[in-house]
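Right, one structure below, let's go through it.
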Amino acid sequence: MKNRKKSLAEFFADRWALFFLVAEIVFFAIVSRGFLTPRGIQIIFFFGTSVFLLSVGETFVIITGGIDLSVGFVMGFASIVAAKLIVVFTESGMAPAAAILVGMVLTFIISLLPGLINGSLVAFLKVPPFIATFSMIGISHGVSELLIEGVPAKNLPHLANVIGNGHLFYYARGKGMSIFSRPELERGEHVLELLPNIVIITFILIAVFSFILKRTRYGQHTYAIGGNVDAALRSGINVKRHLVTVYMVSSFFAGAAGVIYMLQYVTGKADAGAALLLDGIAAVVIGGASLYGGKGTIWRTILGALIIATLETGLRIRGVPTFDKYILVGVILIGAVLVDQIIPERVEEE
Amino acid sequence: MKKIPVLVLVLLFAASLGLPLFAGGAQEAVGEEEELTFAFVPGIADPFYFTMERGIRQKADELGVNLIVSEYPKSWGPEAQVPILEATAARGGIDLIMIAPTSVDALIAPLKKLHEQGIEIITVDTFLGDGDYSKDTEYSFPLAYIGTDNHLGGVRVAEHLAEMLGEKGKLYINTTNPDVSSVSARVAGFKEGITNFPNMEVIGVDYNLDVQQKAMEQTLSALQKNPDIVGVFGTNVFSAQGVYQAVVNAGLTGAVKIASWDATETLINALKEGQVDLVLAQKPAEIGSMAVDWGYKFFTENADVPNKVIPGFEFFTKENVNDPDMQKFIYKK
């Protein structure tokens with residue numbers, strides 16, 4: 001009897017985020033007209049991409065017991081680098097598609113740099129992650145502003161806007177399915193747009209890194225370092241080098257978020273991700289990762305990010321000012337930590 | 001256990017596949033109703049758009065049009081406005097969207113998508129591309145642009161300020177964003193207006209990205225670097241308020257003349273106290289009211305809506321600020 005009670009409490013404590021998300025969806029489906037529609041659901045994913053990306057990168061760092069506060073401004077930095085590169089390439093006569101592709105790839109590479117610095121500071125110079133990445137906020141913000149001289153980067157080719165707002169599949173009655181390009185239609189004819197391009201890019205990246213974390217030695221080492229550094233060292237893991245790469249993973253994801261911002265809004269801005277730091281870290285913690293390290297998974301982080309994105313979208317469709325969102329995210333965050341800390345302990349004590 | 005989140009994701013995707021019939025049906029049902037529904041998506045939470053909403057509300061009530069006012073974006077930029085636009089449109093049943101696009105290019109794709117679904121678009125205060133919807137371009141789909149002739153306004157501000165300064169001296173401009181149609185035109189108009197005065201010169205332009213604090217800091221440092229600045233032009237609410245704080249803080253009230261744009265209560269009070277010297281008042285309520293009116297005529301009488309509708313503007317100075325006829329041009333919610 002006692003055992004069953006224990007397992008029931010554990011069952012809920014373990015899955016509260018999931019139940020919360022379902023409850024949220026049901027609630028908004030009732031109160032917000034237009035929420036539980038393909039459009040509504042797509043909006044959750046479409047505008048949630050930055051939070052998904054930032055929080056997945058952050059998951060790696062948090063599993064090692066660190067934290068990366070710089071992701072928001074590295075995202076802004078990357079949006080500017082991408083925008084500037086693409087404009088330069090286009091002006092030098094490159095075709096827009098090629099300029100966008102090359103610019104994106106180069107930005108992905110450049111965005112590893114802040115992570116390399118963060119990781120080196122943490123691993124080799126023993127700077128606390130909080131301070132190292134906190135300083136990186138200032139550095140990446142400053143460099144961004146220098147690059148654009150206070151003016152958002154602009155004049156990107158229209159194609160970027162088309163990609164950023166386009167979908168993989170379009171289906172119209174009588175016209176069949178088309179890929180990437182919108183079918184020629186009369187205005188007002190119903191077209192079903194499936195899988196926004198940027199959501200696909202986001203989830204491909206997430207799937208790849210989820211695999212790495214779950215199934216490879218790299219992932220095992222990440223958990224091992226977060227669980228017990230000494231044990232990891234004794235088992236022969238090159239902890240320092242590994243930590244550096246973990247911070248690079250985080251800034252790579254911030255870079256990806258910046259590139260996607262650039263595609264969505266055809267501009268690069270220093271503060272593009274400034275408001276997303278809370279969401280990015282909150283998603284990881286709501287997903288059940290421990291800030292002490294050793295615990296957390298990508299899919300649970302996605303769950304946390306979905307809780308935030310659903311909340312925001314639901315409130316918006318309802319027309320409620322999203323100032324309320326910040327309060328609610330803060331409350332859910334505290335709730336998440338309490339559920340994770342208090343409930344399992346009490347169960348063990350019984 | 002780990003599969004559950006994946007399952008939810010799959011279900012969400014499945015739902016987004018399976019529900020369209022449902023949604024399509026709902027939209028058609030709404031379309032059959034006689035009543036028109038217009039939506040207003042403002043650019044940022046400020047007195048200018050609050051005043052515009054008032055004009056829109058009055059006209060919508062008068063004509064019996066349903067009105068949805070979206071959330072006011074907290075900051076100026078597509079990343080704040082586009083999610084609000086999409087969420088508002090997701091409610092369905094909207095015939096016309098009146099929007100102040102926060103970027104000349106980033107809003108093209110999202111608005112075009114809505115237009116193709118059959119929703120009409122009127123841009124108010126700011127526009128897409130170069131604002132010329134009469135040519136066939138990727139941004140020429142809106143019914144109309146309704147807003148102040150910002151370029152002409154800029155020229156007139158320059159003329160007024162030149163007159164106040166005896167047609168000589170150095171000038172500085174503080175504005176918001178380089179990719180926003182309205183303020184860019186004000187800056188261009190102002191610079192053009194000043195070229196008519198050979199003894200006057202614009203020595204710099206700063207972009208505060210719609211942050212008043214930044215406008216103040218930039219103006220302070222400009223005044224420090226160039227102590228011979230005699231006049232400053234702040235191109236919108238936040239710019240002008242930041243500029244006037246900087247001039248007051250630097251103790252240069254009166255020595256540096258300030259021309260500002262937008263008749264907020266703060267700026268009008270500053271004018272009364274002699275901290276600001278010239279205020280251009282746009283007519284946001286009129287812009288809003290005209291947008292509803294043209295939209296209504298388009299749907300009910302199939303009227304030919306002009307591509308560009310330009311309401312005028314007024315100037316507040318120390319001399320006329322207490323004039324009873326002028327009070328209606330002050331921005332109020």
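The values are calculated or read from the model by the stated rules, or taken from the named source; none is laboratory data. It should be emphasised that the depicted structure is a prediction, and the values quoted were computed from it without experimental measurement. Please note: Cβ atoms are built from the backbone with ideal geometry, for glycine as well, and neighbour counts cover all protein chains shown.
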Does A:Val191 count as under 27 Å from A:Ala275 (Cβ atoms) and not charged (D, E, K, R)? no
Specify the residue that is surrounded by the most Cβ atoms within 10 Å (Cβ to Cβ); the eligible residues are those in region A:236-295 that are at positive phi and within 14 Å of chain B (Cβ to nearest Cβ). A:Val266
Complete set of residues in region A:151-160 that are outside any loop (DSSP other than H, G, I, E, B) and more than 8 Å from chain B (Cβ to nearest Cβ): A:Ala153, A:Leu159, A:Ala160
If we scan region A:139-150, do we find a residue that is of a type in the set (D, E, K, R) and in a helix (DSSP H, G or I)? yes
Helices (runs of 4 or more DSSP H) wholly inside region A:36-134 that include at least 2 residues being buried (at least 24 other Cβ atoms within 10 Å of the Cβ), in contact (Cβ under 8 Å) with a residue 12 or more places away in the chain and within 18 Å of the chain's Cα centre (by Cα): A:38-63, A:71-91, A:112-123
I'm trying to understand the selection: among the residues of region B:98-124, which are facing chain A (nearest Cβ under 10 Å), among the small types (Gly, Ala, Ser) and buried (at least 21 other Cβ atoms within 10 Å of the Cβ)? B:Ser103, B:Ala106, B:Ala109
Determine whether region A:196-208 contains at least one residue that is touching a His at 6+ places or on another chain (Cβ under 7 Å) and part of a helix (DSSP H, G or I). yes
Residues of region A:13-35 being farther than 20 Å from A:Gly335 by Cβ, within 11 Å of another protein chain (Cβ to nearest Cβ) and either surrounded by 17 or more Cβ atoms within 10 Å (Cβ to Cβ) or not small (Gly, Ala, Ser) (or both), which ones? A:Ser32, A:Arg33, A:Gly34, A:Phe35
Quickly run through region B:212-241 and pick out the residues that are within 14 Å of chain A (Cβ to nearest Cβ) and crowded, with 18+ Cβ neighbours inside 10 Å. B:Lys214, B:Ala215, B:Gln218, B:Thr219, B:Ala222, B:Ser239
Out of all the residues in region B:264-287, is one or more more than 14 Å from chain A (Cβ to nearest Cβ), under 16 Å from B:Ile44 (Cβ atoms) and in contact with a strand residue (DSSP E or B) (Cβ under 8 Å, 6 or more places away or on another chain)? yes
For region B:263-322, how many residues are over 25 Å from B:Lys135 (Cβ atoms) and among the aliphatic types (A, V, I, L, M)? 13
Contacts under 6 angstrom Cβ, first residue in region A:314-342 being more than 20 Å from B:Ala45 (Cβ to Cβ), partner at pLDDT below 80 and in a helix (DSSP H, G or I), 6 or more apart: A:Val339/A:Ala13
Restricted to region B:288-312 and to residues being charged (D, E, K, R) and under 23 Å from the mean Cα position of the chain (by Cα), the residue nearest to B:Met52 (Cα to Cα) is B:Asp293
Tell me which residues, restricted to region B:143-179, are of a type outside the set (A, V, I, L, M) and crowded, with 23+ Cβ neighbours inside 10 Å. B:Tyr145, B:Gly147, B:Thr148, B:Asn150, B:Gly153, B:Gly154, B:Tyr172, B:Asn174, B:Thr175, B:Thr176, B:Asn177
Just the residues that are closer than 25 Å to A:Ala270 by Cα and either among the aliphatic types (A, V, I, L, M) or exposed (fewer than 14 other Cβ atoms within 10 Å of the Cβ) (or both), please, taken from region A:166-199. A:Ile198, A:Val199
Quick check, is B:Ser75 within 12 Å of another protein chain (Cβ to nearest Cβ), closer than 25 Å to B:Pro311 by Cα and polar (S, T, N, Q)? no
Candidates A:Ile212, A:Ile163, filtered to the one that is crowded, with 18+ Cβ neighbours inside 10 Å, in a helix (DSSP H, G or I), more than 9 Å from chain B (Cβ to nearest Cβ) and touching a helix residue (DSSP H, G or I) at 6+ places or on another chain (Cβ under 9 Å): A:Ile163
Which one of these does B:Pro178 not meet: (1) touching a Ser or Thr at 6+ places or on another chain (Cβ under 8 Å); (2) in the same structural domain as B:Ile84 (by TED's automatic domain parsing); (3) not polar (S, T, N, Q)? (2)
